[in-house]
């Protein structure tokens, strides 16, 4: 079927490529003419303005937005006046589901449907397919089913779940209508919250393995340093790339994130190309705030989020407060930093 | 090759079955004659006493113990006097690596080798193979390679890691010699610590999804209950089995644990057969204690462990202390328990 | 000076009592005529309707609201039309500072001033005085200074802070103009977030002391129970009331919350009158959500909040998910609950 | 009474000074002759060798050790042979209670008593007195009561706890015989664990207040930065010294640690003299490990401990692992560090 895509960055361009491969007719638009040209070369129909983009689409139009969450409102202001009743706007980016609720209500007044699609898969999605978590009305979602089916990985990419009624939904093909407006981004939000927790679990474990040799290192002997009680217990030089590799087969913790970790460690066991400032793109924050609203505990997801904040230096003042207290009550002075990266091993 | 197995519980019996299928000669022993009989029926050689078990093995003997960690020392007291220099004892259970260090030293004095093998895979290991994390001397580990190769899943069970030098080790077949005595159980300990964190990440996320309808429920209005600020934001009835299913294909958080979760939810979306008291078998505790010894942060792994403790009621006194404080400073009285399972949804 | 008070619950009634003792003229109102009568007996001027309450106040009126946060908007709808330009509304309850911003803007359009006052002190405030954290415009705050000065504890109730410039502000008397609208409730919000963390720190520590005898108790020996490695290390029967008492003098952790804890433990060392379901009144939640918005780590404050949620059963489904996973991969079955209060000591 | 003190550092010298002021006869020893001389000038009896130190004491000797935990065993090796049956060794430092149990057993074989004393109070203890948590046999503790009474603050330094039976113990004077060997250091260990939690609670709260102006700062707009949804909610410039000051009177969170925080902030509101690398002296670690052994949740105390580890760079590798994963699945590249102290305000 025909679909329009605005936003041809890493994600949008790959999705159009997959859609073209699936036989769909794609009209594309982007701020960058080069981005448009690359997809025209693959069979897409390019446009040089939003106006032209809209004109190239046959009503009822299906317009998929794949732009940063912060850019959606501005884009909608320009796009919406060009559309007609019956058209569908799909937000496939990482919008907050509160914004979906607001935008869907505004568009409904114009008889334009809003569909929110949480899209997971990353740069590998071109080949693996994308996991699609969808919110909105029943009709537009059904109308878009052929597009979702092409973008999604398909049933064969994982073994059938024992005991599951296969007719229940399209979830076993990798796309799911999760509920009304916002439900798709809500599920994607929690998906990313879980992702942070899982990533941090591997990271903490590997860090513990990396420091399993602390007993073999020299330790400062002073009142500000806690002596290691049993150095003989920490004499292991662990081969992290091989440990990540062995866990990939047969263990309880096998996963795609572990596969990626093994690849990164195989390329550089020290991961020396990274400084360790972990960005976050918002969903982990919103997940924690939703947990707090709902009054359900989320200690693991929160700890993972805070580790990211901390990695960027945002605990610095809190740390200074504590050093100051220690100085006040115990006369303790801070130890100088040892080496460029603090306490970590070189 | 010939291998002796003591302990024919869930894990031990399955491992012998897999070894027999791989053409190995297995001498087996267990407290339960029925357990022995079941494996004799599959081709194993049974024994009725430790003495007989040892006599049925040809020196240098390879004796694999698959018994609870708490039973290992007692078993070794009985077994060791029956063995000879050159024999090998393999501890495939969940022993603390501190015990490996102690036992290996005691056995080394008798010229008996100790090999510690962290074994992951659970009840599915019979078919999927077991992930083996191995500690000990180079020679006994090499001697046992055929056994490890049969128990492990094999290279074909996961895609090759891009950029990895395939000759580096046997990790890509699912077994790895991790280092000297204790290294196998150390790596398995951290593996389980990670497992706790990953499990808790999924569990917290699913709990947030399950409570995404809190805005549609009646709420008590009193000074002890925090009102939900925006009930309209929490009106979703999420279909958890289908959400777990859709995440299995294409998403960033696909994993074997997610596959199992999807299966459990498909069987019963409310998981009503569980009370929610999560046991722990020790490795998660030791992981946290190792992190603390090494002075590396493990907030996610600790939070996951504490959630288990808390699920068993071990925070009760701490909670009472806080209710008592609130009563002291604010005259607050506790709210009565609402329904049999506290604040959870029915 | 003259002040009107609406809401004569635990806090409001005590505050009027303190104001009357300080020579102020208090006009009072409450839904309950008994509440009004009690304060009339102490010298207050009663009213039977909002209309009469407002008429008894001389413009520019100062109307202090001491009602539940959830009741403020409804009250303002009734009260505001009765007021005149130049009047001042003080919200002394636990409103969210977002609501302060909204209400202050609406009232400003009517030339009515809004002052938000975070009030700490609890039932003891009548004697100890109240700590007041104030947001709003400079003029109304200055106008109300005599009221704040009476409600606050006064400078003599704590030793002077070394090095502090005494002329800096009224903070050393126990009240502070923190900033523009919402600043008072923002500071109070964080105050309560800290309070949760401090309370949980004591509670966790006392819980660890209470379980310092685990080595002397019988332990189940099965595969689902982790054995205690060194029972001899946990043979202490700690006298918690006396330990709380000894910490009150000279230790680093002396505090008013510790004083209250010692009193509660002196009354009943087992705190058997509490079930351990800890309520929360919202500020702890908003503190965590503010930390997340600001991208600063708040692991301690979050852990304290989640402990409260968990104490009310809100982790139940997450716990069941994990028990289900363990059953799926390891065939583990949950252990039955032992006794009425789970794992806690009797 | 006569008491010998070995170790005249910050703590030991102050304690001798307080004992001399209380009329006790103090024989002192230290590696540093200057340290000895300073106390001789105040009335102490100096010694130039352990041999002389022991000879100056009248049997049964009471020898108080105030040395780093790591130095105790070496000192005992030299000291013990010089002592006689009936003598008492008091370890007033921060030894692990496991070491108390071991040392007490070894000394008991020589009929020398071991008393462990957890000592809290810091540099202020000279004036405020020390909170003493004591473990050991009944007789030596009773024998030392006059010394404990002088070192402790005394009953008058805090209000009586309502409802407490004043005859119960000496806890209301600031010293307590907590139980058998190790009980004193166990209670002190937990005391310090609580201290970490309380300190972190204040630090996190103050950090949230400090960042309450994030809405007024420029924010990078890119895919790696989460936009702040409501900048208008974060426009506060909080005066931290005054806020800490106002909380000191009447609030629920008043404490000695808050008094110290207010003093530190009064001296420098930015705490610019600290880098924020928070040391830990072991007890917080042991508290967490004890909680894990006992299977009681300690999320707040653990979070506080991990914040210290993280402040010293010990999460660096874990952070790099997560940045590497993000690069693998999403092509994300790390953002460069902005300014010398990362994300913190200047």
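Since every read-out is calculated from the coordinates, none of them should be taken as a lab result. Everything numeric here is computed off the predicted structure, so don't read it as measured data. Note: ideal-geometry Cβ built from the backbone for every residue, glycine included; neighbour counts use all protein chains shown.
For the pair residue B:166 and residue C:230, a Förster radius of 56 Å applied to the C-beta separation gives a FRET efficiency near 0.80, rounded to the nearest 0.05.
What separates the Cα centres of the range A:239-284 and the range B:33-55 is a distance of 43 Å. Compute the acute angle (0 to 90°) between the alpha-carbon long axis of helix B:97-108 and the principal axis of greatest extent of the alpha-carbon atoms of chain B; round to the nearest 10°. Rounded to the nearest ten degrees, it is 10.
Stokes-Einstein diffusion for chain A at 20 °C, viscosity 1.002 mPa s, with a Kirkwood radius from C-alpha pairs, works out to 92 µm²/s.
Based on other C-beta atoms within 10 Å, arrange A:128, A:285, D:103 from fewest to most. If you can, show how the numbers build up before the last one.
Working: A:128 19, A:285 26, D:103 22.
Ranking A:128, A:285, D:103 by Cβ neighbours within 10 Å, fewest first, gives A:128, D:103, A:285.
Here the range B:306-335 is scanned for amide nitrogen atoms under 13 Å from the site 7 Å beyond the Cα of residue C:123 along Cα-to-Cβ, giving B:324-334.
For every helix of n ≥ 4 consecutive DSSP H residues, a contribution of -39,500 (n - 2.57) applies; sum these over chain D, divide by its total residues, and give [θ] at 222 nm rounded to the nearest 500 deg cm²/dmol.
Mean residue ellipticity, 222 nm, calculated: -13000 deg cm²/dmol.
Placing a label point 7 Å from Cα along the Cα-to-Cβ direction at residue A:270 gives distances to the equivalent points in the other copies of 3.4, 5.7, 6.0 nm, listed shortest first. Helix C:283-294 versus the longest principal axis of chain C: what angle, 0 to 90°, nearest 10, using Cα atoms? So the inclination is approximately 90 degrees.
When Cβ neighbours within 10 Å are restricted to other protein chains, what is their mean count per residue of peptide A:26-33?
Details: counts 0, 0, 0, 0, 0, 0, 0, 0.
Going residue by residue through A:26-33 and averaging, the value is 0.
For residue D:85, the distances from its label point to the matching points in the remaining copies are 4.7, 9.7, 10.7 nm, ordered from shortest, with each point set 7 Å beyond Cα toward Cβ. Please find, in a Gaussian network model of chain B (springs between Cα atoms separated by less than 10 Å), the residue of B:304, B:212, B:106 whose mean-square fluctuation is greatest. Result: B:212 has the largest fluctuation of those listed. Summary of the geometry: the range D:78-140 and the range D:147-219, compared by the centres of their Cα atoms, lie 22 Å apart.
With its label point defined 7 Å out from Cα along the Cα-to-Cβ axis, residue C:34 lies at 6.7, 7.2, 7.8 nm from the matching points of the other copies, in increasing order. Helix D:183-210 and the long axis of chain D differ in direction by around 30°, with both axes built from C-alpha atoms.
For the rotation carrying A onto B, the chain A residue whose Cβ lies nearest the axis, with the distance in whole Å, reads A:255, 2. Of C:269, C:162, C:146, the residue with the greatest mean-square motion in the GNM of chain C, using alpha carbon springs below 10 Å, is C:162. Placing pseudo-labels 7 Å out from each Cα toward the beta carbon at residue C:237 and residue A:34 gives an inter-label distance of 7.9 nm.
For the range B:233-346, what class follows from the C-alpha gyration tensor (a ≥ b ≥ c being the square roots of its eigenvalues): rounded when a/c is under 1.5, otherwise prolate if a/b is larger than b/c, else oblate? The shape class here is oblate.
With a simple spin-label model that places each label point 7 Å from the Cα along the Cα-to-Cβ direction, the separation between residue B:41 and residue C:2 comes to 9.6 nm. Placing pseudo-labels 7 Å out from each Cα toward the beta carbon at residue A:98 and residue D:74 gives an inter-label distance of 5.9 nm.
Shape analysis of the range D:82-171 places it in the prolate category; the axes a ≥ b ≥ c from the Cα gyration tensor give an a/c of at least 1.5, with a/b above b/c.
Shielding value for C:150-157 is 2, the average number of Cβ atoms from other chains within 10 Å of each residue's Cβ. GNM on chain B, alpha-carbon springs under 10 angstrom: the most fluctuating residue among B:321, B:300, B:187 is B:321.
With a Förster radius of 35 Å applied to the C-beta separation of residue D:82 and residue D:149, the computed FRET efficiency comes to 0.80.
The mean count of C-beta atoms from other chains within 10 Å of the C-beta of residues in A:257-270, rounded to a whole number, is 6.
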